[in-house]
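Student: Before I ask anything, here is the structure I am working with.
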Amino acid sequence: MTKSGRMHRSIAELSRAKKRLIMVAADLVALPLALWSAYALRFAEWWPERFIEPFWWLFFIVPPAGVFVFARLGLYRAVVRFMGPQALWAVVKGSLLMALLMWAAAYFYQWQQFPRSVPVNFALVTLVYVGGTRLIVRSYYHWLIKHYTEKEPVAIYGAGGAGAQLALALSSGREFYTAAFLDDDPALWGSTIKGVKVHDPDDFKALVEKLGIRRVLLALPTATKAQRKHALDKLADLPVRVQTVPSMPEIISGTASVDQLREVELEDLLGRDPVPPRQELINASIRNKVVMITGAGGSIGSEMCRQVMRGKPKAVILFEISEFGLYAIEQELAALRIEMGETFPLIPLLGNVCDRNRVEAVIRHYGVQTLYHAAAYKHVPIVENNVLEGVRNNVQGTQVVAESAAALGVERCVLISTDKAVRPTNVMGATKRMAELVLQDLATRFALKDNHRTIFSMVRFGNVLGSSGSVVPLFRRQIEQGGPITVTHPDITRYFMTIPEAALLVIQAGSMAEGGDVFVLDMGDAVKIVDLAKRMVQLTGLEVKDAENPDGDIEVVFSGLRPGEKLYEELLIGDNVVGTLHPKIMRAHEEVLPHKELTALLNELREAERNLDSHSACAALKRGVSGFSHSGDMCDLLPLSRQQQAALGVESNAARH
């Protein structure tokens, strides 16, 4: 840095006390100068000696008196670089007060040669000199920030109130300064906010190089998801990191401030605006009901718990096999209950959905009225390697929960299913379709009984952002580690939805059920996973490394489809689907297996589990699940039956793998 640069920077880094002394000294010079200017303007002379000489002593009294008045009005407590209307108003009041005191002294002490217009001129000139020096200092300070400090230049997307607040907040920190505003409103282009020009986002590419901008802050707290996606699309091909400010409800509630920057959420890339929930549908299943959630500690189950809590239930039963998962969600919900000011019971229970005695005891003891069955093994590769446990938990566990609900008079039993149940290519999807068939069978059989009260339904949806099995957390970790990002196939696509939206839609769908319904959530458009990965890289301000850009930062590599993985997912087996009262929920009419055939298949699956025979289990699934076509060879880590193990010996069995 040059000698001049070091000098400028040292000025910017002066202590608060020294800066205050400098402003006091400036006013001690400005005030007598203002008094002389008042005389010069009145008489149109540089030095009207005849009128000044009788009152020469005013030039020694006015400066300290003026500093005293301004100090009492709080002018010296204001930080000059943030000076706003309040500080300027203090200058106005101080100038008027001093002029009034000067005029009153001339009137009461009958200063015959004192021109009565001098106090008026003095007030006006003082306003210019004192207020003007502060505006000059403020401009100088902002110039110093741009040229002689280590602050990073950033652009703020959104020239509204939040953008202006963010720019003000950043100016007080030591990390960033606002180099440009961007806004989609043409009426704002060319205008300035806090001294910073507002630009058309389409012209931003030139500004990136000209101003050295490598970071864009989205100040769009009230924008819809579609509007935020539109803004992100305009920044898609630029080498800038994109961050965002909290939402307006968070800012208003005080849980977050406008300068608390966050990474852009992936739901913003989807541009999907959730439909406001229909409260009557929420109330039908939740309000004043005893609600039980199995798998309460999982990503879907825990969000179901949160949404159920907000629906003001009579009691919430958390049923979970993982001790830590149960502890974590119980602690979170206990805090949420206090925050809501509610007192309904929150009952954390350890248990396995395959344990009929435990499940029935819970339902009977607490009088469960609504049951959401979210407990399931859902990671495709894990279930491929553990076929029998996948069958046991997903099929037999669902059978236990559903039959217990029917036997004990639960009003509504909702199975949370998956798009992988449609023409599955993996064991996980096949087990979830078998679970659907179990509920459909119960709904068909018990619908004929007059005393049957349980309404069964299933809700299918695709991937949810942020779940334990989502690619999003994986990609984020890989980017933080410097890459590469692993994608299984260049053409693989998936549907995505946020967890809160999915949970709310599940509750509303369950309330519309009539018995045996298969509901399908509108997941929007399918997303190409490789495009999602590249977009995540770009949002961090990095570049994708590929053949066209060998000097990029993060490489995307293709690892190949995993066992049982599909290139694309479907939500419907057939085309027989109708709308419902909710625009995001559809009702599908799927085939139902005859009761005897389903019973025989379930018995086969139980026998296969007893014999540790994953081959037989897969064969039974293929006979029962329409369209189940396994995409790879059997890869269970324990595929042999007991008889086979006895015949081949443990060593041969290990050699097989």
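Student: Which number in (1) at pLDDT 70 or above; (2) more than 15 Å from residue 134 (Cα to Cα) marks the one condition that residue 6 misses?
Tutor: If we test residue 6 against (1) at pLDDT 70 or above; (2) more than 15 Å from residue 134 (Cα to Cα), just (1) comes out false.
Student: I've got another one for you. Given the condition more than 30 Å from residue 560 (Cβ to Cβ) and β-branched (Val, Ile, Thr), answer yes or no: does some residue in segment 374-382 qualify?
Tutor: So far as segment 374-382 goes, no, none of its residues is more than 30 Å from residue 560 (Cβ to Cβ) and β-branched (Val, Ile, Thr).
Student: In segment 507-538, which residue that is at pLDDT 85 or above and small (Gly, Ala, Ser) is nearest to residue 275 (Cα to Cα)?
Tutor: Of everything passing the filter in segment 507-538, 509 is nearest to residue 275 (Cα to Cα).
Student: Condition test on residue 543, is it outside the structural domain of residue 285 (by TED's automatic domain parsing), modelled with pLDDT of 85 or more and out of contact with any Ser or Thr (no Cβ under 9 Å at 6 or more places or on another chain)?
Tutor: No.
Student: In addition: Having 1 or more residues that are among the charged types (D, E, K, R) and farther than 28 Å from residue 604 by Cα is the bar; report the strands (runs of 3 or more DSSP E) wholly within segment 327-424 that clear it.
Tutor: Passing ranges, in order: 412-416.
Student: Taking residue 481 as the residue in question, decide whether it is polar (S, T, N, Q) and surrounded by fewer than 19 Cβ atoms within 10 Å (Cβ to Cβ).
Tutor: So residue 481 passes the test.
Student: Based on what the data block shows, is residue 435 in a helix (DSSP H, G or I) and either at pLDDT below 95 or surrounded by fewer than 24 Cβ atoms within 10 Å (Cβ to Cβ) (or both)?
Tutor: No, not satisfied.
Student: Is it true that some residue in segment 526-534 is surrounded by 22 or more Cβ atoms within 10 Å (Cβ to Cβ) and of a type outside the set (A, V, I, L, M)?
Tutor: The answer is no; no qualifying residue exists.
Student: Listed residues 588, 608; which is under 27 Å from residue 397 (Cβ atoms), surrounded by 15 or more Cβ atoms within 10 Å (Cβ to Cβ), at pLDDT 85 or above and of a type outside the set (Lys, Arg)?
Tutor: So the residue among 588, 608 that is under 27 Å from residue 397 (Cβ atoms), surrounded by 15 or more Cβ atoms within 10 Å (Cβ to Cβ), at pLDDT 85 or above and of a type outside the set (Lys, Arg) is 608.
Student: Would you pick out the residues in segment 184-226 that are crowded, with 19+ Cβ neighbours inside 10 Å, over 14 Å from residue 154 (Cα atoms) and touching a Pro at 6+ places or on another chain (Cβ under 9 Å)?
Tutor: Once the filter is applied, which keeps residues that are crowded, with 19+ Cβ neighbours inside 10 Å, over 14 Å from residue 154 (Cα atoms) and touching a Pro at 6+ places or on another chain (Cβ under 9 Å), segment 184-226 yields only 221.
Student: I'd like the full set of residues that are under 35 Å from the mean Cα position of the chain (by Cα) and over 17 Å from residue 294 (Cα atoms), limited to segment 399-430.
Tutor: Correct list: 419, 420, 421, 422, 423, 424, 425, 426, 427, 428, 429, 430.
Student: Testing residue 400 on (1) out of contact with any helix residue (DSSP H, G or I) (no Cβ under 7 Å at 6 or more places or on another chain); (2) β-branched (Val, Ile, Thr); (3) surrounded by fewer than 23 Cβ atoms within 10 Å (Cβ to Cβ), one condition comes back false. Which one is that?
Tutor: (1)
Student: Scan 258, 264, 291, 308 and give me the residue that is surrounded by 15 or more Cβ atoms within 10 Å (Cβ to Cβ), modelled with pLDDT of 70 or more and under 15 Å from the mean Cα position of the chain (by Cα).
Tutor: On inspection, the qualifying residue turns out to be 264.
Student: Please work out which one of (1) modelled with pLDDT under 70; (2) of a type in the set (Ser, Thr, Tyr); (3) more than 30 Å from residue 178 (Cβ to Cβ) is the condition residue 39 fails and give its number.
Tutor: Checking residue 39 against (1) modelled with pLDDT under 70; (2) of a type in the set (Ser, Thr, Tyr); (3) more than 30 Å from residue 178 (Cβ to Cβ), the one that fails is (1).
Student: Where residues in segment 318-339 are exposed (fewer than 14 other Cβ atoms within 10 Å of the Cβ) and without any contact (Cβ under 8 Å) to a residue 24 or more places away in the chain, which of them is nearest to residue 369 (Cα to Cα)?
Tutor: Selected residue: 334.
Student: Restricting attention to segment 578-597, which residues are within 21 Å of residue 432 (Cβ to Cβ) and part of a helix (DSSP H, G or I)?
Tutor: Within segment 578-597, 595, 597 meet the criteria.
Student: Assess whether residue 153 counts as being modelled with pLDDT of 80 or more and exposed (fewer than 13 other Cβ atoms within 10 Å of the Cβ).
Tutor: Answer is no for this residue.
Student: Within segment 491-536, which residues are under 26 Å from residue 411 (Cβ atoms) and in a strand (DSSP E or B)?
Tutor: Of everything in segment 491-536, those that are under 26 Å from residue 411 (Cβ atoms) and in a strand (DSSP E or B) turn out to be 517, 518, 519, 520, 521.
The values are calculated or read from the model by the stated rules, or taken from the named source; none is laboratory data. Bear in mind that the values here come from a model prediction, so they are computed numbers and not experimental data. Methodologically, a virtual Cβ is constructed for each residue, glycine included, from the backbone with ideal geometry; neighbour enumeration extends over all protein chains shown.
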